[in-house]
Amino acid sequence: MTSPPTSNPDSKSASATGSNNDVTGGSKGPKHIRLPQLLKRPHLESGTSHRSLSEAIRGVRSREEPETLLEEDDVADPDGTLRLDGSSMGPTEIFFPDPYKHLKVYHTIHRIRRLVRASVEDPYTFDQLKEPRLNVLVVKPLVDRLYDEDDVSVVYCLLVNRMQFLREQHFQHHHQTVNLTRANLCELVAQKMLRRYDEDNSGRPGLLLLANILVAPFQPFQNAPAQLFPQRRVSRYQMQGDYEGKMTALEVAIVSEAKHFLSGSACQKIIDAVYRGRIIYTPTTFMDIIPDHYKHKAISLYDPRKAPLLNQYRLIVPRTRNLIEVLQFILLLALYCLCMMNRDDYSFTTAEAFFLVYGLGWVLDECASVLEHGWVVHTQNLWAFLDITFVVIYFAYLSVRIRGWMLGNADIGQQALDILAIAAPILFPRLAFNLMPENMLFISLRAMMKEFTALSLIAVWCFGGFLVSLKWLSLDAEPGNPNPPGSATISKWMLWIWFGLDGTGIEQAPQFHKILGPALMVIYAFLGNTLFLTVLVSILSNTFSKIAADATAEIQFRRAVLTFEGVKSDSLFAYRPPLNVLALLILPPLKLMLQPRWFHKLNVTLVRLHNAPFLLLIALYERRYLWKPRRSQQYLGPSKRSTSGFWSWSSFSVHADLQAVFDEEPPQEVVDWIEEEDELDDAVLDNSFAGARARSLSPGSVPLRHRRLSTVLQEEFEGNGNRAGSS
């Protein structure tokens with residue numbers, strides 16, 4: 001491991017590592033590292049004003065409660081969007097251009113790669129990188145060197161480097177785990193940088209700055225030399241202005257499974273704001289079935305009070321989209337049960353016709369979800385494997401059912417309904433996945449099913465040799481046995497032995513050979529039933545223990561996936577099944593014939609007519625509950641218990657006052673008394689490196705209440721030791 005060089009002329013490098021005299025202790029003194037110099041905090045240095053208690057509380061509240069940022073006199077656009085500078089975009093600006101086209105993303109990516117490779121040469125775990133020593137020598141200098149308030153692409157570049165190091169670790173095992181360490185270092189630096197952005201910027205500008213860092217799109221070859229930039233062909237049908245081929249830092253974090261980064265408080269604050277629709281933006285897409293990119297919105301806050309009642313863009317808010325998907329799936333499940341209870345092998349019933357048409361629209365919506373953000377992101381969803389399995393079953397049922405109807409063959413129709421019947425084990429658990437997406441059982445079940453399937457395929461491949469051997473032995477069995485067991489019978493016996501259900505295969509083993517038959521069956525029983533199942537249970541237990549040990553990160557990672565995939569750009573998602581099938585047949589040809597402006601007007605009109613009742617309910621709900629009223633800093637009189645309604649169940653409790661004491665802010669006289677009693681400014685100095693000068697004073701010159709408790713205990717301990725020595 002090597003730390004970044006301190007002789008770099010870059011000002012950020014100099015501030016991160018300190019001067020040469022500070023680090024080495026001068027030309028004569030011994031070389032050592034002074035932690036107060038390396039951990040210098042600008043806001044605690046001498047000569048700067050320190051925050052009071054009220055200012056500190058306001059800063060914490062502005063970071064922890066971003067849902068109260070709107071003011072009554074805010075100026076918003078006609079569609080309800082607010083800008084970072086507080087100014088209105090106006091009705092003339094339709095397509096918001098990319099504000100970060102000037103950033104040298106390509107240069108930053110390779111700069112970070114050089115710094116990370118020079119900083120780490122030995123393998124370390126993620127926990128070791130978080131230890132104080134490595135944090136001081138490696139992590140914090142990189143954060144100080146790369147931190148730039150004017151460049152919001154640094155976090156994106158760090159996560160891109162993380163993906164590359166993970167790829168190199170997968171294909172270059174001779175480097176041991178050093179590339180995995182470098183990938184973890186990129187994630188840790190990105191996490192700390194995002195937290196620093198959050199600490200240095202509060203309120204509305206800070207929230208929007210974090211949103212731009214996470215969901216602003218970038219291209220890896222942005223501002224690269226002309227000879228390196230790849231040439232891509234974009235059809236007129238998929239034109240997205242300046243945003244083709246760009247990805248966000250949030251998407252890169254999901255693809256690279258940067259779970260520690262996504263579980264950070266700053267990242268989760270933006271994810272929650274996007275999920276609820278407080279922050280809006282126009283997402284980039286891999287492929288649109290019905291693209292409508294006539295308008296492109298900037299990353300901004302959303303004010304439902306200034307927005308129109310029928311705002312079709314609220315249909316792509318992740319929370320709204322998730323509710324719509326749950327309702328659509330419940331309807332699909334109800335039609336499926338109705339179809340199977342009224343099945344007819346000879347002809348289509350009314351229930352089956354409804355299910356067939358609605359199921360086609362639901363499957364189309366699922367296929368569009370795969371095309372929206374790509375296969376990798378879609379499969380990170382918790383219930384994606386269930387949806388994909390149902391899509392395969394539905395297409396198999398549909399093809400066999402249509403063939404039986406065309407031939408007039410009832411047997412083929414019955415086979416189609418039998419294929420559809422096996423979808424029940426897929427559909428019923430999928431509803432539970434939707435209703436309890438943060439349950440650890442479902443989160444771990446997804447990972448364990450993946451490993452169980454892989455191990456089972458390996459076992460079938462390996463134990464296939466026993467099946468072939470027993471089959472060949474059965475061909476040379478005694479002539480007196482006219483009916484030797486077939487391959488299906490042998491496979492059934494082996495499967496029963498595998499799961500310990502029956503020992504018929506061992507009893508019938510002499511039919512193959514008097515000696516070799518029982519020997520093969522016993523060896524297979526030892527390997528399959530004992531060894532393989534023991535290994536399988538051990539691996540699955542280890543997987544569950546790993547997920548349970550980091551349950552918070554796993555849950556928050558699933559939230560990030562659900563949020564990112566919920567922001568849809570394809571206009572097809574604005575049409576409910578089965579009308580999306582009709583939209584697929586009508587709108588794409590019109591897209592090629594109409595101008596973008598007129599196609600956008602037609603699309604918006606159809607979406608609003610189609611979703612008018614639902615859009616009206618969304619507008620009424622969001623105008624009342626999307627943003628909470630800002631808390632008053634003064635004393636507001638009675639607590640929330642008396643203003644919440646005529647009756648409150650929470651007040652009917654012996655412990656009600658334990659929560660009610662925190663419902664309202666304390667009066668100003670109480671705040672003044674707390675500040676006078678504790679003197680937070682001295683306490684902040686006393687608990688920081690900047691307070692070393694105050695603690696270096698003699699104990700008599702500093703009041704006892706201004707000194708740290710550890711200092712008082714140390715003095716008491718030294719006094720007892722001196723008294724014991726003198727006695």
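Each reported figure results from applying straightforward, stated rules to the coordinates on display, with no laboratory input. The structure presented is a predicted model; accordingly, all values stated were derived computationally and were not measured. Positions of Cβ are backbone-derived with ideal geometry, glycine not excepted, and every protein chain shown enters the neighbour counts.
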Shape call for the range 373-495 from the C-alpha gyration tensor, a ≥ b ≥ c root eigenvalues: rounded (a/c under 1.5), prolate (a/b greater than b/c) or oblate?
oblate
Difference of contour (0.36 nm per residue) and Cα-Cα distance, His110 to Gln668
195.6 nm
Based only on other Cβ atoms within 10 Å, what is the fewest-to-most ordering of Tyr124, Tyr575?
Tyr124, Tyr575
Largest-first principal axis extents, alpha carbons of the range 441-563, Å:
67, 24, 20
Project the alpha carbons of the range 291-353 onto their principal axes and report the range along each, largest first, in whole Å.
56, 23, 19
At R0 = 56 Å, how high is the FRET efficiency between Asp122 and Lys295 if r is their beta carbon distance? Nearest 0.05 is fine.
0.65
Expected sort for Asp79, Asp150, Asp242 with the fewest Cβ neighbours (10 Å cutoff) up front is Asp150, Asp242, Asp79
15 Å cut-off, amide nitrogen to a point 7 angstrom out along Thr349 Cα→Cβ, residues in the range 418-435
418, 420-421
Using the count of nearby Cβ atoms within 10 Å as a rough guide to exposure, how do Ser399, Ser256, Ser469 rank from fewest to most?
Ser399, Ser469, Ser256
Round to the nearest 0.05 the FRET efficiency obtained for Glu451 and Val522 when R0 = 25 Å and r is the Cβ-Cβ distance.
0.35
Counting sequence-distant residues (5 or more places) and residues on other chains, those with an amide H built under 5 Å from that of Thr81 are Asp303
Taking R0 as 41 Å, what FRET efficiency do you get between Asp200 and Leu501 from their Cβ-Cβ distance, rounded to the nearest 0.05?
0.05
For the range 94-276, rounded, prolate or oblate, judged on the Cα gyration tensor with a ≥ b ≥ c (square roots of eigenvalues), a/c < 1.5 rounded, else prolate if a/b > b/c?
oblate
With a/c under 1.5 counting as rounded, go ahead and sort the range 509-570 into rounded, prolate or oblate using the C-alpha gyration tensor (a ≥ b ≥ c being the square roots of the eigenvalues; past the cut-off, prolate if a/b is larger than b/c, else oblate).
oblate
Around Val581: net Lys/Arg minus Asp/Glu count, Cβ-Cβ under 14 Å:
-1
Quick calc: nm separation of the 7 Å Cα→Cβ label points for Arg403 and Arg624 -> 5.5 nm
Local electrostatic count, Met340, Cβ distance below 12 Å [Lys/Arg +1, Asp/Glu -1]:
-2
